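Every number here is computed from the coordinates shown, using simple stated rules; none is lab data. These numbers were taken from a predicted model, which means no experiment stands behind them. Note that we place each Cβ from the backbone using ideal geometry, even for glycine, and neighbour counts take in every protein chain shown.
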Amino acid sequence: MLEKVARAMCLADGLEEGLSEPCAIATAEQEWRDWLPIARAAIAAMREPSTEMVKAAYAAGDPGEQAWPDIEWRAMIDAALTSSAPATPSSE
């Protein structure tokens, strides 16, 4: 997940800077690792679900099942933060 978020951020940055989509994609392919610390921070900032998120999870769930969406959400975010993507920026 870290790699996926880092690549998306890098691509979006290239597009915002006015690069054509093919150039932005090529740049993201080379430089996405530089975005890993920012991607990690963005994912970590989402670790605690909002009240609205928890309410929406309860509303979407099966009323007959006990759910702990806040605990499950934190577990998913923790898993994303411990992905095996390299943690060092590229030197390219």
- request: Could you work out how far apart the two model spin labels at Met46 and Ile25 are, taking each label as a point 7 Å from the Cα in the direction of the beta carbon, and quote it in nm?
  value: 2.3
- request: Please determine, in degrees from 0 to 90 and to the nearest 10, the orientation of helix 51-60 with respect to the longest principal axis defined by the Cα atoms of the chain, where the helix direction is its Cα long axis.
  value: 70
message: Defining a contact as two alpha carbons under 8 Å apart and six or more residues distant in sequence, what relative contact order in percent does the range 1-45 show?
response: 52
Cα-based helix-to-principal-axis angle, 21-31 vs the chain, degrees rounded to 10: 80
- line: Sorting Thr51, Gly14, Leu36 by the position of each Cα along the dipole of the chain (Lys, Arg +1; Asp, Glu -1; all at Cβ), the one nearest the positive end of that ordering is Thr51
task: Considering Cα pairs under 8 angstrom that are at least six residues apart, work out the relative contact order of the chain and quote it in whole percent.
output: 38
- line: Met76 and Met53 label points (each 7 Å along its Cα→Cβ direction) are spaced in nm at 0.9
task: Calculate I(q)/I(0) for the range 1-45 by the Debye formula, one identical point scatterer on each C-alpha and no solvent, and give its log10 at q = 0.16 Å⁻¹ to two decimals.
output: -0.36
- prompt: Roughly what % of Cα-Cα distances in the chain sit above 20 Å, to the whole percent?
  reply: 49
